[in-house]
Amino acid sequence: MAVASVPITHGRHGMLRSVAALNGRVFDTDPVIAYMLLSMSQQQRLAYLPTYWTTLIKSALLNRAVITEADD
């Protein structure tokens with residue numbers, strides 16, 4: 001059985017905005033994040049998630065993290 005090759009991309013600060021937006025969508029119903037942001041309404045929380053993820057990912061990048069993306 002042949003295994004399909006999936007392109008792997010590594011990046012840093014140039015990928016910050018797209019990764020933060022993706023994480024905001026992926027984790028928009030996550031119960032732990034909803035709990036941590038409990039003081040916000042659902043509408044406020046969903047609007048805030050891109051900023052939340054931008055801050056977390058930027059913090060990691062400032063500590064030499066590398067973003068790895070697999071996409072086909």
TODO: Quote to one decimal, in nm, the extra length available between residue 38 and residue 55 on full extension: 0.36 nm per residue of separation minus the C-alpha distance between them.
DONE: 4.3 nm
- [ ] Please work out the C-alpha center-to-center distance from segment 1-41 to segment 52-72 and express it in whole Å.
- [x] 9 Å
Task: Relative contact order (percent, whole number), the chain, Cα cutoff 8 Å, 6+ residue spacing - done: 62 percent
TODO: Provide, in order from the shortest bin, the percent of all Cα-Cα pairs of segment 9-70 in each 10 Å bin, continuing until the bin that contains the maximum pair distance.
DONE: 23, 49, 24, 4
TODO: Could you tell me how many degrees, from 0 to 90 and to the nearest 10, lie between the Cα long axis of helix 42-62 and the main elongation axis, the longest principal axis, of the Cα atoms of the chain?
DONE: 50 degrees
Task: Helical mean residue ellipticity (222 nm; -39500 (n - 2.57) per DSSP H run of 4+; nearest 500) of the chain - done: -16500 deg cm²/dmol
TODO: Using a Förster distance of 22 angstrom, determine the FRET efficiency expected from the C-beta separation of residue 68 and residue 21, and round it to 0.05.
DONE: 0.85
- [ ] Give the calculated FRET efficiency between residue 46 and residue 5 to the nearest 0.05, with a Förster radius of 35 Å applied to their Cβ-Cβ distance.
- [x] 0.45
Open item on the list: Compute the angle between helix 16-26 and the longest alpha-carbon principal axis of the chain, please, reported from 0 to 90 degrees and rounded to the nearest 10.
Closed with: 70 degrees
Task: Given charges at beta-carbon only (K, R positive; D, E negative), |dipole| of the chain in Debye - done: 320 debye
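Quick note: the coordinates plus some simple rules give every number you see, no bench work behind them. Keep in mind it's a predicted model, so treat the numbers as computed, not measured. As a convention, Cβ positions derive from the backbone with ideal geometry for all residues, glycine included, and neighbour counts pool all protein chains shown.
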